[in-house]
Every structure is written in C-alpha cells, then in structure tokens.
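The next block holds one structure in the form of structure tokens; read it before the comments.
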Amino acid sequence: MIDDEGKVYGIMSAYDANRLAMDMGLDLVKVAPTAVPPVCKLMDYGKYKFDLSKKQREQRKTQHNAEMKEMWLSITIEQHDLETKAKLVHRFLEDGDKVKVSIRMKGRQQARPEYGIEVMNKFHACVQDVGSIDRPPKQEGRNIIMILIPKKVNK
C-alpha cells in the first residue's frame, strides 16, 4: 500500500487499509489489481478524476487534427484555373491540413497519363512554398493521385 505522498506502508489487510483510508479522509484505489498482492494507493479519487479531465480538456484545446482535404483537377485545366485552385490549396496547407490532389482521366486521356503527371507537377510548383509532396503523383486505375503536406515552419 502507498499513500498519496508516495510513502510505502507495505503489505496489510484490506480491512486495515480501508480503516486507514477512512481515518485520513481519502479513497483506497487499486492501482495494480492483478499483482500478487494487489497494489493499492490512498488518494482523493474525485480530485484525481477532476485533474485528469482538466488535462484532457487542455490537450484538446492545443491539438489540431490535420484533416485530409481533396482537390480535383483535370488534364485539360487552364493555367488560370490551376492558379485559382492552388490558392485554395495554399490556404488549406497554411491551416495545417493535408491535401489529396486528384485527376480523373476519361476516355482517351487514359492512354497518356504522363500529361496528368505534368499537370500535377505544375500544380505542386504553384504551392511549393507552403507544401511538400508526401506521396508523389502516381496513377491508380483511372485516377492520378498526389498527397501534399504542410511544410514545417520554425516559429
């Protein structure tokens, strides 16, 4: 048995441990119930649960879950349209999100996937200041897929 300050009491019966906990106004908590003999600790369990939930709330405030955004392009996309979509992806990457850039090839376009990869490389050139390639452009069936991740910024 261990008290709330870390002092070890040694092995004692459950009755004595409960009586000691009641005298101190604390709760008796099994820390390792499967150990032989079980390890118990004297603590204010309500305060412990409150502190634990408070830490979890603080962690949720500070963490940012990176979402996977998606942007669809076309092999026949014009330069201005490419730049417009790049601005939107630029914003996604600045917010810390990953971006999946996809091109769906239709009909005869499937015979020349290198054109789609060329469009992907042009697109990456537009956003390379804030994003880097996590997965290079690769053909998967009818689609060409590339994944961009935000660059690390030292603050």
Q: Choose one answer from Gly25, Gly141, Gly96: the residue with the largest mean-square fluctuation in a GNM of the chain with alpha-carbon springs under 10 Å.
A: Gly25
Q. Size of the dipole of the chain about the Cα centre, Lys and Arg at +1 and Asp and Glu at -1 on the beta carbon, nothing else charged, in debye to 20?
A. 600 debye
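Give me the compactness ratio for the stretch 14-62, meaning the Cα radius of gyration over 2.2 N^0.38 Å. Please report the intermediate quantities before stating the final value.
Details: Rg = 14.1 Å, N = 49, 2.2 N^0.38 = 9.7 Å.
Cα Rg divided by the expected 2.2 N^0.38 Å: 1.46.
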Q. Under the definition of Cα pairs under 8 Å and six or more residues apart, what whole-number percent is the relative contact order of the stretch 68-150?
A. 35 percent
Q.
I need the semi-axes of the equivalent ellipsoid of the chain: take the C-alpha gyration tensor, multiply each eigenvalue by 5, square-root it, list largest first in whole angstrom.
A. 61, 18, 11
Q: Return the long-range amide H neighbours of Asp44 (sequence gap of 5 or more, or a different chain), with a cut-off of under 5 Å between placed amide H atoms.
A: Asp27
(Q) I need the per residue convex hull volume for the stretch 68-150, using only the alpha carbons, in cubic angstrom as a whole number. (A) 72 Å³
Q.
Checking the cross-link filter: which aspartates and glutamates have an alpha carbon closer than 20 Å to that of Lys7, excluding same-chain neighbours under 8 positions apart?
A. Asp16, Asp23, Asp27, Asp44
Q. Taking H as built 1.01 Å from N, whose amide H comes closer than 5 Å to the amide H of Met71, not counting residues under 5 places away?
A. Lys100, Val101, Ser102
Q | Spatially near lysine pairs across the stretch 14-62, Cα under 16 Å, sequence gap of 8 or more or different chains | A | 4
Q. At 222 nm, what helix-only mean residue ellipticity would the chain give, in deg cm²/dmol to the nearest 500, using -39500 (n - 2.57) for each DSSP H run of four or more?
A. -12500 deg cm²/dmol
Q) Among Lys100, Lys69, Lys47, whose mean-square fluctuation peaks in a Gaussian network model of the chain (Cα, cutoff 10 Å)? A) Lys47
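Readers should treat all values here as calculations from the given coordinates under stated rules, not as data from a laboratory. All of these numbers come straight from a predicted model, not from anything done at the bench. Positions of Cβ are generated from backbone atoms using ideal geometry, with glycine treated the same way; all protein chains shown enter the neighbour counts.
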